[in-house]
Amino acid sequence: MSVTAPPRPRMHEGTEVTVLSKTIVVGAGQMGIGIAHAFAVAGAPVVMVDIKDEALSKAKAAVTKIVDDGVRLGKVDAAVSARVAAGLSTSTDLVASAKGATLIVETASEALAVKLDIMRTVDAVLADEAIVATNTSALSITEIAAATKRPERVVGMHFFNPVHKMKLLEIIRGIATSDDTVARTQAIGAAIGKATIVVNEAPGFTTSRISALLGNEAMWMLSEGVATAEDIDTSLRLAFNHPMGPLELGDMTGWDTRLSVLHYLHQTLGEKFRPCPLIIKMVKAGRYGRKVGHGVYKYVDGQKVPGSGLRAF
């Protein structure tokens, strides 16, 4: 594992980033918004692609808000807002958008079948030298790459939520990923202000493996009545200096996504990753977390409601 230099603290008008080019971001969910923002602010033309026009409209508005908030707080030059507005577009046509592109970042559903279908679709129209990246949290880069005729150019680019605040970019190499692809991806990561680590493919990589285990154990503790949700989260924040507790993090990530990762890790790494039944119940109830207004905690306008933590039952 290696780590690049830390990211630049501020993006200025006129900054030149030669390693960036037209970037296709597939998926207009929470992660797609953050990834599109990172590339757009760094100066790359970005096309966000999704099957739903409504999702794309909301995503573009969300990117604009992040940029405008950055301007208001003095973290982003005002001229960058206009550049992002001019350089960010949306489309529901994946084939037309990807034609001739040299970088695509897939961040669709954490479902292997969906990702494989996307890979097969874009493989025939991307530029020969294109890097094909997936933002999967845990799935096999090697298996995803096998759906293309360019497995040496397929790589994992695992971003963290919220992307505009989180400095790390986890780069995962599959069995066929070339050294050139890894080096180019590291350069891209640096260009968008991220510190990168390189990980040889393993289930859950480094971060998802640890985070899933921590969040799962926290849910077992909650279901067993060991402590309240608020106290479990407080203990991790104050005792280990975590920015948020594992239950708060699960709400932000989405328990549907977390459950999908746990199922995969349980299948590949064994019993210690068996999902807590409480997570399964929550997902069945549609309590996915912050994105739907209810997970372990309740949320109003994206803000956690004090004292709303789920109780053991």
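Some observations on this one:
- Here Glu217 meets each of (1) surrounded by 17 or more Cβ atoms within 10 Å (Cβ to Cβ); (2) assigned by TED's automatic domain parsing to the domain that holds His266; (3) out of contact with any Leu (no Cβ under 6 Å at 6 or more places or on another chain) with one exception, condition (1).
- Residue count for the stretch 137-182 satisfying the condition of being farther than 29 Å from Leu249 by Cα and among the aromatic types (Phe, Trp, Tyr): 0.
- Residue within the stretch 266-280 that is under 21 Å from the mean Cα position of the chain (by Cα) and among the charged types (D, E, K, R) present: no
- Residue within the stretch 123-140 that is in contact (Cβ under 8 Å) with a residue 40 or more places away in the chain, over 14 Å from the mean Cα position of the chain (by Cα) and part of a loop (DSSP other than H, G, I, E, B) present: yes
- Pairs, first assigned by TED's automatic domain parsing to the domain that holds Pro162 in the stretch 36-51, second part of a loop (DSSP other than H, G, I, E, B) and of a type in the set (D, E, K, R), C-beta under 6 Å, six or more apart: Pro45/Lys22
- Single condition Gly225 does not satisfy, out of (1) buried (at least 19 other Cβ atoms within 10 Å of the Cβ); (2) out of contact with any His (no Cβ under 8 Å at 6 or more places or on another chain): (1)
- In the stretch 274-283, the residues that are crowded, with 21+ Cβ neighbours inside 10 Å and in a helix (DSSP H, G or I): Ile279, Met282
- Any hit, the stretch 204-224, residues being out of contact with any strand residue (DSSP E or B) (no Cβ under 9 Å at 6 or more places or on another chain) and more than 19 Å from Pro246 (Cβ to Cβ): no
- Residue list for the stretch 40-79, filter: of a type in the set (Asp, Glu) and over 19 Å from Leu103 (Cβ atoms): Asp53, Glu54, Asp68, Asp69, Asp77
- Residues of the stretch 284-295 satisfying the condition of being of a type outside the set (Gly, Ala, Ser) and buried (at least 19 other Cβ atoms within 10 Å of the Cβ): Arg287, Tyr288, Arg290, His294
- Arg184 meets all of the listed conditions (1) touching a residue at least 60 places away in the same chain (Cβ under 8 Å); (2) surrounded by 21 or more Cβ atoms within 10 Å (Cβ to Cβ) but one, namely (2).
The values are calculated or read from the model by the stated rules, or taken from the named source; none is laboratory data. For clarity, every value in this text was computed on a predicted model and none was experimentally measured. We place every Cβ from the backbone using ideal geometry, glycine too, and count neighbours over all the protein chains shown.
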